[in-house]
1. Which percentage, to the nearest 5, of the DSSP beta bridges contained in the chain is antiparallel?
2. So which residue, out of 181, 270, 25, gets the largest mean-square fluctuation from a GNM of the chain using Cα contacts under 10 Å as springs?
3. Among 304-315, 34-45, how do they line up from the highest to the lowest mean number of other beta-carbon atoms within 10 Å?
4. How fast does segment 32-253 diffuse by Stokes-Einstein, in µm²/s, taking the Kirkwood radius from C-alpha pairs at 4 °C and 1.567 mPa s?
5. Could you tell me the ratio Rg/Rh of segment 163-275? Both radii from Cα atoms, Rh via Kirkwood.
6. Mean residue ellipticity at 222 nm from the helices of the chain, using -39,500 (n - 2.57) per DSSP H segment of n ≥ 4 over the full residue count, to the nearest 500 deg cm²/dmol?
7. Using the number of other C-beta atoms within 10 angstrom as an exposure proxy, rank 281, 28 with the fewest first.
8. Give me the distance in nm between label points sitting 7 Å out from Cα along the Cα-to-Cβ direction at residue 338 and residue 63, one decimal.
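The numbers here are math on the coordinates, done by the rules we state, and not lab data. Just so it is clear, the structure is predicted and the values come from calculations on it, not from any experiment. Methodologically, a virtual Cβ is constructed for each residue, glycine included, from the backbone with ideal geometry; neighbour enumeration extends over all protein chains shown.
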């Protein structure tokens with residue numbers, strides 16, 4: 001794989017000896033239970049997947065304290081984002097997103113030739129007020145990542161409730177909580193209370209992050225039954241693979257492994273935030289498995305990126321997200337985090 005010179009593989013750095021701090025992957029990988037389940041069921045690759053995914057939906061419903069007909073499983077949350085835009089937004093309608101957020105919202109809007117309005121940030125935080133001000137009668141979807149990718153910041157329960165109270169019911173608000181398991185802030189929104197109160201809210205979740213299944217592409221959405229029914233009737237059949245289904249079922253069973261990953265991530269996050277701040281870098285308070293570092297100029301950003309790259313540490317430049325003066329650094333194992341700090345402390 002390392003001989004492949006395409007930009008994708010160079011960026012992802014599959015070759016050995018490289019610290020992958022650009023993709024927000026779980027550095028500890030998937031649970032051993034997951035790997036064992038995949039190996040035990042490897043012969044199932046010749047069989048068509050379970051189209052209904054009853055067992056997985058039931059487990060997800062129990063975990064999230066909803067009913068199974070309020071759950072839809074998709075081949076990654078990206079596929080569900082694409083389906084929401086294609087299904088809910090007509091030619092002359094629009095979606096609204098923050099200016100600096102998960103790039104797939106904008107990409108999928110472009111694929112379907114839909115207008116994507118981008119609300120200005122407020123000191124790198126999502127401004128719900130700016131989001132609201134961009135909405136009009138043609139707005140059909142609002143995408144809000146919480147924690148936000150790439151900044152790692154959150155909006156609180158009271159903030160989103162105040163926002164939802166102003167949004168008309170015909171506009172659907174998608175709360176993308178791909179990193180929710182990493183959140184330690186007690187003011188993080190209570191998704192269950194929100195779902196019960198607002199018919200126009202859709203929650204997105206992912207198996208790519210804390211569960212370590214990014215390569216298998218599986219995620220899910222939670223919404224009220226009529227929304228899920230419509231999405232189920234209009235999705236591509238057999239889109240979630242057999243192995244992805246098996247892996248997700250095993251991942252949900254290993255709660256101890258998830259807890260361990262949460263603890264280790266919190267420790268690594270605290271180390272990076274505190275030490276980078278002590279070195280003079282500007283850091284936002286993150287609730288994800290990454291930290292956001294911003295600079296006065298692109299030149300200064302590029303100097304830090306080059307230092308890390310020279311030491312085989314790959315971090316994320318954020319031009320595709322909408323910012324040319326910042327880096328996103330995924331939190332790794334302790335050794336990897338300390339190597340990042342050692343490299344930067346020498347050049348500070």
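1. Bridges in the chain are about 45 percent antiparallel.
2. Fluctuation is largest for 270.
3. Ranking, from highest mean packing down: 304-315, 34-45.
4. Roughly 72 µm²/s, to the nearest whole number.
5. That ratio equals 1.02.
6. After summing the helix terms and dividing by residue count, I get -12000 deg cm²/dmol.
7. Ordered from fewest to most neighbouring Cβ atoms within 10 Å, 281, 28 come out as 28, 281.
8. Once both label points are built, they end up 3.3 nm from each other.
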